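Heads up: the structure comes next, in structure tokens.
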Amino acid sequence: MAQYEERLISIESQLAFQDDLIEQLNQQVILQQQDLLMLQEQLRLMAQRFKELEQTSEQQGDQPSAEDERPPHY
């Protein structure tokens, strides 16, 4: 009987550790999802800004200067 009790205690202990680990992993996934959403929003805003700058440049007829162009070794 004592053997079964020890096994039960061991299993309950393992379950408690697993529950704790699952909660920690869940919190990490939540943080990563928040980071991902923030990065997606930043990317969207940067793409929008780039498009606006591109349109403004086209409307003004700006040509890239020698300073703006990449050297041939790039």
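What follows is calculated from the coordinates using simple rules that are stated; it is not laboratory data. These figures come from a predicted structure and were not determined experimentally. No Cβ is skipped: glycine too gets one built from the backbone with ideal geometry, and neighbour counts run over all protein chains shown.
Results, tabulated for the structure shown:
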item: Theoretical ellipticity at 222 nm over the chain - DSSP helices of four or more residues, -39500 (n - 2.57) apiece, nearest 500; result: -30000 deg cm²/dmol
item: Net +/- balance of residues flanking L45 in space, Cβ distance below 13 Å, scoring K and R +1, D and E -1; result: +1
item: Signed unit charges on C-beta, dipole axis of the chain, positive-most listed residue L53, I9, L36; result: L53
item: Size of charge dipole - the chain - debye, nearest 20, with Cβ of Lys, Arg +1 and Asp, Glu -1, no other charges; result: 140 debye
item: Rounded if a/c under 1.5, otherwise prolate or oblate - the chain, Cα gyration tensor axes; result: prolate
item: Crossing angle, helix 2-60 versus the chain [Cα axis fit, 0-90 degrees, rounded to tens]; result: 10 degrees
